[in-house]
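The structure appears below as structure tokens.
Readers should treat all values here as calculations from the given coordinates under stated rules, not as data from a laboratory. Everything quoted here is computed from the prediction, not taken from an experiment. Neighbour counts run over all protein chains shown; Cβ positions are idealised from the backbone, glycine included.
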């Protein structure tokens, strides 16, 4: 099931982020809380059997948005959860008038790069020493079709990564 973030989810989302990403890429509690509080922030949570297995956090400003993070627990990757979260987030952003989505992903994370490319994101730059651990990142972008789409139903199943 995909549902909107609730403040009671915070500790679990932070734990999920800590296990999904290495030190220097995973967010501190303070940073994650800050991203969640930004104007235009939208966070969707994936649950299976009542347990949070992943989430996507984005932030929109006008016609542009950024995927801040897409986290799916390892045991649930490659089962469609990340794709479902991304499609739902993109639909919500498009319905809000967003026309372009950006994101950053580690240049060494081949699975993530392939995931983003599969979903229509294209590399536009290499950001040297982007992460706290001095790792480089790809800046990626996807244009959304103009027009408003209705977001898909909240009751979607499935299971992927940033």
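The ranking of 83, 49 by Cβ neighbour count inside 10 Å, starting from the fewest, reads 49, 83. Applying 1/(1 + (r/R0)^6) with r as the Cβ-Cβ distance of residue 127 and residue 3 and R0 = 35 angstrom yields a FRET efficiency of 0.60. Taking other C-beta atoms within 10 angstrom as a stand-in for reagent exposure, 87, 33, 23 fall in the order 23, 33, 87, fewest first. By other beta-carbon atoms within 10 Å, ranking 10, 138 with the fewest at the front produces 10, 138. Relative contact order of segment 2-143, taken over Cα pairs closer than 8 Å and 6 or more residues apart, is 19 percent.
Only helical runs count toward this figure. For the chain, summing -39,500 (n - 2.57) over DSSP H runs of n ≥ 4 and dividing by all residues gives -8000 deg cm²/dmol at 222 nm.
Treating each Cα of the chain as an identical point scatterer and summing with the Debye formula, the log10 of I(q)/I(0) at q = 0.15 Å⁻¹ comes to -0.77. Secondary structure note: in segment 1-154, about 90% of the DSSP beta bridges are antiparallel.
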